[in-house]
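Structure record follows, encoded as structure tokens.
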Amino acid sequence: MTTSRATVVGAGIVGLAAASRLLDRGWEVTVLADRSTAESTSHLAAAVWFPTRAAPRDRVLAWGATTFRELADQARREVPGVVMRESLALYREDPGEPWWSAAVEDLRPARRDELPGCYSHGLRFTVPLVEMPVHLPWLAEHVAGRGARFVTRRLDTLDDAVGPTHPADLVVAAPGLGARELVPDDTVTPVRGQIVRVANPGLTRSVRDEAHPGGRAYVHPRAHDVILGGTLEEGVWDATPDPATAEAIVARCTDLVPEIADADVLDTVAGLRPARPTVRLERAALADGTPVIHDYGHGGSGVTLAWGCADEVAELA
Ligand SMILES: Cc1cc2nc3c(=O)[nH]c(=O)nc-3n(C[C@H](O)[C@H](O)[C@H](O)COP(=O)(O)OP(=O)(O)OC[C@H]3O[C@@H](n4cnc5c(N)ncnc54)[C@H](O)[C@@H]3O)c2cc1C
């Protein structure tokens, strides 16, 4: 019996998770990408489990719940870069029960004495946080160690993923924002995000305010640094970090966690989230009839959804 061959286009978190699940099911896998994992959007993500700018809600909740369980298990197994983080979400008005609450195990209202001055409500919960510069290279090596072949190549069209010199029985399209030209799919658009990295003054809890008057604000401590965010700029293609935006991010994050006021700023980066009105996860066919499974358009939730989507890719395959 011959093994079926799959080519996964994309070596960000979505492509690597799909590659891993296909390997689980005995596929012979090639991962094809035009850049290294370190140059992907996935690499710079704050990478905390939290559904952001992704739809539709019912599928996002199901993929998010599966990914939550997978990452919680990875944290238990001490997979490099994956930890569970205590979190506090702050609100100025009663948030009610968040739509994503079913995916989180220990959600509870924050007590008054847990809230910084200007906040009247808060939610406490524990979620996975993935330190991507540690985890993503590990995941790529792990997938390679199980037999996946990595090819660095830029595709102009998805049909070029298969040819006489590189045959495949299945293509998985996980090119993130690249889907706009590659598929092509002009409903895929960038949502720019800028973040600031500061030295960690000893923080261990994530804090966020999605409705801060100055813009979204979040403080995500990692082992040696803290990610301060962020922006969510629809349709903006320029990924050059802006110094004034960085200053504003630090200022509003200081409202949430005053301890970061004097932390050394290490750098500021911006990335383009691959947004789409809804995540595309479905089976289609290339021009030559080869089946393709599209897995892109995860917006601000690629890390939050990757493993749930990867399971569905493996089912569809
Ligand atoms: C500032 C910021 C903070 C974020 N924080 C979070 C967070 O806390 N939680 C969360 O869940 N998500 C977060 N995200 C979103 C997350 O980063 C994305 O949803 C996720 O990285 C998408 O992963 P992906 O694998 O689809 O795309 P990418 O990581 O962009 O990977 C795409 C891959 O496709 C390849 N490719 C593209 N075009 C071609 C082509 N033509 N030929 C060959 N290869 C191609 C690329 O080389 C790359 O390997 C954040 C994003 C930003 C910018």
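Just so it is clear, none of the values below were taken in a lab; they were calculated from the coordinates. These numbers come from a predicted model, not from an experiment. Note that each Cβ is placed from the backbone with ideal geometry, even for glycine, and that neighbours are counted across all protein chains shown.
Things worth noting here:
- In order through segment 94-99: 3J(HN,Hα) via Karplus (6.51 cos²θ - 1.76 cosθ + 1.60), integer Hz, x for Gly, Pro: 4, x, x, 8, x, 5
- The angle between the Cα long axis of helix 57-76 and the main principal axis of the chain comes to about 80°, on a 0 to 90 degree scale.
- Residue separation of E282 and R149 scaled by 0.36 nm, minus their Cα-Cα distance, works out to 45.5 nm of gained length.
- Placing a pseudo-label 7 Å from each Cα along the Cα-to-Cβ vector at D264 and A102 gives an inter-label distance of 4.7 nm.
- Span from the segment 152-167 Cα centroid across to the segment 1-62 one, whole angstrom: 18
- Label point distance in nm, V236-T204, each placed 7 Å from Cα along Cα→Cβ: 3.5
- Overall, the anisotropy analysis places segment 54-116 in the oblate class: the square-rooted eigenvalues a ≥ b ≥ c of its C-alpha gyration tensor yield a/c not less than 1.5, with a/b not exceeding b/c.
- Computed label-point distance, nm, for sites S4 and E315 using a 7 Å Cα→Cβ extension: 1.5
- Cα gyration tensor category, rounded, prolate or oblate, for segment 1-71 with a/c compared to 1.5: oblate
- For segment 272-317, a simple Cβ point-charge model (Lys and Arg +1, Asp and Glu -1, everything else neutral) yields a dipole of about 260 debye relative to the Cα centre.
- Applying the criteria of a DSSP loop state and at most 15 other Cβ atoms within 10 Å to the trypsin sites (Lys or Arg not before Pro) of segment 63-133 yields R77, R92, R111.
- Around the Cα centre of segment 106-166, unit charges on the Cβ atoms of Lys, Arg, Asp and Glu (plus for the first two, minus for the last two) sum to a dipole of about 200 debye.
- Taking the helices alone, the chain has a mean residue ellipticity at 222 nm of -8000 deg cm²/dmol, built from -39,500 (n - 2.57) per DSSP H run of at least 4 residues and averaged over all its residues.
- For the chain, the longest principal axis of the Cα atoms and the long axis of helix 132-145 meet at an angle of about 20 degrees.
- For the pair E114 and A223, the difference between a 0.36 nm per residue extended length and the Cα-Cα distance amounts to 36.9 nm.
- Extension gain from A211 to V134, taking 0.36 nm per residue of separation minus the Cα-Cα distance: 24.7 nm
- Under a Gaussian network description of the chain, with springs only between Cα atoms under 10 Å, the residue in H212, H166, H135 that fluctuates furthest is H166.
- Placing +1 on the Cβ of every Lys and Arg and -1 on the Cβ of every Asp and Glu, with no other charges, gives the chain a dipole of roughly 420 debye about its Cα centre.
- Bridges between two residues of the chain, per DSSP, are antiparallel at a rate of about 70%.
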